[in-house]
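*Asks:* Please see the structure below; I have some questions.
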Amino acid sequence: MKRFFVRWLEQYLFFPTPIQRLIGILLLPLTLIYCVVTTYLRVSKKTFDMGIPVISVGNLLVGGTGKTPVTIALAKDKKESAVILRGYGRESKGLFVISNRGKILEDVTVSGDEAMLLARSLPNSVVIVSENRIEGILKAKELECKVVFLDDGFNKHEIKKYDILIRPQKEPENIFCLPTGGYRDTKMMYSFVPCVLKEGSDFNRVVTFKKEEEVVETLPKKLLLLTAISKPQRLLEYLPNDIIMEDYPDHHNFSKEDIEYIKNKYEGYSIITTAKDMVKLETYDLKDLYLMDLEVKINDDALKGVEKYIAG
């Protein structure tokens, strides 16, 4: 029932049916109030210079548009960098240093799936989870980092930063803000930030299939996609047409019951999953587990402003 509701909500927010459009129209007064409040918060907050270059990677839409792989692509060649994020789905609260220049200090229950993926992907960086981004930046400075990347930091208007917005290749039909549509801020904000990275023109996704770290060219015929990411249907374009999908809500922590259900229902199937899911699934005894290794390739011209900002 929960999964049905999540799918219905994603359709309502981005590609609504006529009935869902009608529901959205009825909610337009609330959307107007939401836009007024978000605009007030944006213009009323005093901005603090943290004394360190801060790069925010964000998006205007609810759910995933590729912020984490873009953050990895931006930070992987930056020594003495820190990545700070809230850590959605973690079982902890407060500030934790998840990794310090390749040394993993916490497990995935403390970090959350995205932070653990960042920690494993960025051996030269410090990865910090904190609801309070200012505290996270101060910790990064204490650890002698020279540049900070905020994963999902667009709405942190109190911090002086260089904003990057990720824009999807296929944009929603529903252009309204919450609760009528899936935008967290008005679409016109694309025109007010220094850098917009649009998929398909400024960056592309490259998918490689792996099993036990080895690249594989051919996937098994009986294949199950097991994932807990936002808008999981976007993965299907990279996979065989006859694949079966079992999807859970974004950041879902797989339980023993979930895994037993999958094993019993899909006996004889191989399983493929994302890197974000793999950091949670690898603790279970799953046979024939394949990885969709997604890497983002960003055009150099799109990053000139970022490099200039970091250089000061």
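*Asks:* Here is a check on your reading of the model: is Asp258 of a type outside the set (A, V, I, L, M) and either within 25 Å of Gln169 (Cβ to Cβ) or exposed (fewer than 15 other Cβ atoms within 10 Å of the Cβ) (or both)?
*Replies:* no
*Asks:* Follow-up. Under 6 Å between Cβ atoms, at least 6 apart or on separate chains: pull out the pairs that start in the range 72-91 with a residue that is within 12 Å of Phe149 (Cα to Cα) and touching a residue at least 40 places away in the same chain (Cβ under 8 Å) and end on any residue that is among the aromatic types (Phe, Trp, Tyr) and surrounded by 18 or more Cβ atoms within 10 Å (Cβ to Cβ).
*Replies:* The qualifying pairs are Ala75/Phe149; Val83/Phe149.
*Asks:* May I ask you to say which residue of Tyr183, Tyr266 is of a type in the set (Phe, Trp, Tyr), surrounded by 15 or more Cβ atoms within 10 Å (Cβ to Cβ) and farther than 20 Å from Phe15 by Cβ?
*Replies:* Tyr266
*Asks:* Restricting to the range 51-75, give me the number of residues that are more than 14 Å from Lys231 (Cβ to Cβ), of a type in the set (A, V, I, L, M) and in a loop (DSSP other than H, G, I, E, B).
*Replies:* Residues that pass the stated criteria total 2.
*Asks:* Scan (1) touching a strand residue (DSSP E or B) at 6+ places or on another chain (Cβ under 6 Å); (2) open to solvent by less than 60 Å² (accessible area, probe 1.4 Å); (3) within 30 Å of Glu282 (Cβ to Cβ); (4) modelled with pLDDT of 95 or more for the single condition Gly153 breaks and write down its number.
*Replies:* For Gly153, the exception is condition (4).
*Asks:* Quick check on my filter: what residues within the range 125-152 are under 19 Å from Lys78 (Cα atoms), assigned to a loop (DSSP other than H, G, I, E, B) and not charged (D, E, K, R)?
*Replies:* Leu143, Cys145
*Asks:* Okay, next question. Check Leu291, Leu303 and return the single one that is at pLDDT below 95, open to solvent by less than 80 Å² (accessible area, probe 1.4 Å) and either within 30 Å of Lys146 (Cα to Cα) or not in a loop (DSSP other than H, G, I, E, B) (or both).
*Replies:* The match here is Leu303.
*Asks:* Okay, next question. If Leu286 satisfies all but one of (1) open to solvent by less than 20 Å² (accessible area, probe 1.4 Å); (2) among the hydrophobic types (A, V, I, L, M, F, W, C); (3) more than 30 Å from Lys198 (Cα to Cα); (4) outside any strand (DSSP E or B), what's the number of the condition it fails?
*Replies:* The number of the failed condition is (1).
*Asks:* In the range 102-123, which residues are without any contact (Cβ under 8 Å) to a residue 40 or more places away in the chain and surrounded by 23 or more Cβ atoms within 10 Å (Cβ to Cβ)?
*Replies:* Passing the criteria: Ser111, Ala115, Ala119.
*Asks:* Here is a follow-up. Which one of the conditions (1) in contact with a helix residue (DSSP H, G or I) (Cβ under 6 Å, 6 or more places away or on another chain); (2) assigned to a strand (DSSP E or B) does Ile272 fail to meet, given that it meets all the rest?
*Replies:* Ile272 satisfies all of (1) in contact with a helix residue (DSSP H, G or I) (Cβ under 6 Å, 6 or more places away or on another chain); (2) assigned to a strand (DSSP E or B) except (1).
*Asks:* I've got another one for you. Looking only at the range 65-96, which residues are under 21 Å from Phe192 (Cα atoms) and small (Gly, Ala, Ser)?
*Replies:* Residue satisfying the conditions is Gly66 alone.
The values are calculated or read from the model by the stated rules, or taken from the named source; none is laboratory data. Nothing here was measured: the structure is a model prediction, and the numbers come from that model. Ideal geometry is used to build each Cβ from the backbone, glycine not excepted, and the neighbour counts take in all protein chains shown. All accessible areas refer to the heavy atoms of the entire protein, side chains included, with ligands and DNA or RNA removed. Shrake-Rupley method; radii C 1.70, N 1.55, O 1.52, S 1.80 Å.
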